[in-house]
Each structure stands twice: as structure tokens, then as C-alpha cells.
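The values are calculated or read from the model by the stated rules, or taken from the named source; none is laboratory data. The structure presented is a predicted model; accordingly, all values stated were derived computationally and were not measured. Here Cβ is always computed from backbone atoms with ideal geometry, including for glycine, and neighbour counts include all displayed protein chains.
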Amino acid sequence: MSTHRSRALRPRTIGLWAAGLLVVAAAAATTMLSLLGGGRPEDRARLDALRTASSLVIGTGGRAALLLAARRQRSAELDLEQRDYDATERRITELYGRAAEQLGHESAAVRLAGAPGSPRYR
């Protein structure tokens, strides 16, 4: 079992990325709107460019959200896997300790029950 620990993103990092994305979106929108004129046919192309830029920003935000969700899911899976491994190790240690206690008992019947070949361990 590997003891891989994924690096969790801090809420501050996520907030900074979200703020940066909003700044980029605002800058792109402001730039595109400043280039637009009074509704001439050539301005339609600029408006289409603004729509495309906003679609790209929204798509990037969606991709970032999917990435965060995937990382969160992977982290949860690794934690669950580690807990299962720890529980198994704890059970094995517990069984071994009980068997060792029984093997050291003064009664022959109890010693036999603690032996690995006894029906209890099959």
C-alpha cells in the first residue's frame, strides 16, 4: 500500500484563481466593448468576438470546476483506501496479539485454540 498524499488546494488558492479569472474576463469584456462602435455592420464581428471571448472564459471556468471536483474525488478515494488499509492492519495485529496470549496460557486447550492451525483460524 502506498502512502501517497495528494496536495490539497487551499481555499485561498482557489479564491485567487477565481478572482484572476474574473479580472481576465472583465478586462476582455472592457477591451471588446471599447472597440465596439455604434452598431455598424463591421461592429457585429467585434460583438461576435466578444461572445467568443466570453464563451472561452466560461469554458475555462467550467474546466477549472471539473478539475477541482476530480481532485476532491481522488482525495476522498485515497483517504477511504487508507482507512480500509489501516483497519485491516489493526485487525491483523489484534488477532496476532490474541493468538500470542493464548499460546502463552497455562491451559493446553487454550494454547491449542491459539495455534495457527486450529479451527478458529481456518
Original post:
Mind checking which residues of region 61-78 are more than 26 Å from V24 (Cα to Cα) and of a type outside the set (D, E, K, R)?
Top reply: Q73, S75, A76, L78
Original post:
So which pairs qualify, if the first residue must be in region 69-98 and farther than 29 Å from I14 by Cβ, the second must be surrounded by 11 or more Cβ atoms within 10 Å (Cβ to Cβ) and among the small types (G, A, S), the Cβ gap must be under 8 Å, and the two must be at least 6 apart or on different chains?
Top reply: R98/G114
Subject >> Search result, residues across region 92-122 that are surrounded by 12 or more Cβ atoms within 10 Å (Cβ to Cβ), at pLDDT 75 or above and not in a helix (DSSP H, G or I) >> reply: H105
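Matching residues to (1) more than 21 Å from the chain's Cα centre (by Cα); (2) of a type in the set (A, V, I, L, M, F, W, C); (3) modelled with pLDDT under 85:
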position: M1; (1), (2), (3): no, yes, yes
position: P11; (1), (2), (3): no, no, yes
position: A19; (1), (2), (3): yes, yes, no
position: L22; (1), (2), (3): yes, yes, yes
position: A26; (1), (2), (3): yes, yes, yes
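Each row is one residue, and each column tells you yes or no for (1) within 9 Å of the chain's Cα centre (by Cα); (2) surrounded by 11 or more Cβ atoms within 10 Å (Cβ to Cβ).
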{"site": "R46", "(1), (2)": "no, yes"}
{"site": "V57", "(1), (2)": "no, yes"}
{"site": "A65", "(1), (2)": "no, yes"}
{"site": "R71", "(1), (2)": "yes, yes"}
{"site": "A76", "(1), (2)": "yes, no"}
{"site": "D79", "(1), (2)": "no, yes"}
{"site": "Y85", "(1), (2)": "no, yes"}
{"site": "T88", "(1), (2)": "no, yes"}
